[in-house]
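Heads up, the thing below is written out as structure tokens.
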Amino acid sequence: MNLIQIADVLDAELLYGPRGWEQISIDSVFASDLMSDVLMSDRDDMLLITSLSTEQAIRSAGIVGSEVVVIANHKTVTEGMIELAKEQDITLLCTRFPKYESCVRLGRLLEP
């Protein structure tokens, strides 16, 4: 699935997206607020869904190679998060849906 499909199904607001963000391909989703769990991940083409609206979420995504972070629960995203996403070329989206519902919606998108 690509990010334009994901943004659509999550009714997500784009806070930052590098050129061509719409075509980034996502093969797996990781949902967590514990960045220590995220850092243990070894998935490719991963999207991170979190309610943690701090720069640590962006830093953790960058370390594991995730190109996309979705902030759930319509949490406030700081300017520092957006700047860090720009520096690391990580697409940053925000959705009103909680993590669980976001995962369910993305799971339905993956169904054949």
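The values are calculated or read from the model by the stated rules, or taken from the named source; none is laboratory data. The model shown is predicted, which means the values in this text are computed figures rather than measured ones. We place every Cβ from the backbone using ideal geometry, glycine too, and count neighbours over all the protein chains shown.
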Hits in segment 1-35 (condition: of a type in the set (D, E), in contact with a strand residue (DSSP E or B) (Cβ under 8 Å, 6 or more places away or on another chain) and closer than 18 Å to K75 by Cβ): E13, D33
Answer from L109, L93 - the residue that is among the aliphatic types (A, V, I, L, M), surrounded by fewer than 19 Cβ atoms within 10 Å (Cβ to Cβ) and touching a residue at least 12 places away in the same chain (Cβ under 8 Å): L109
Selection status of L15, touching a helix residue (DSSP H, G or I) at 6+ places or on another chain (Cβ under 8 Å), part of a strand (DSSP E or B) and not small (G, A, S): yes
Among (1) under 21 Å from V104 (Cα atoms); (2) surrounded by 19 or more Cβ atoms within 10 Å (Cβ to Cβ) - the single one L14 does not satisfy: (2)
Among the candidates I49, I26, residue that is modelled with pLDDT of 95 or more and not hydroxyl-bearing (S, T, Y): I49
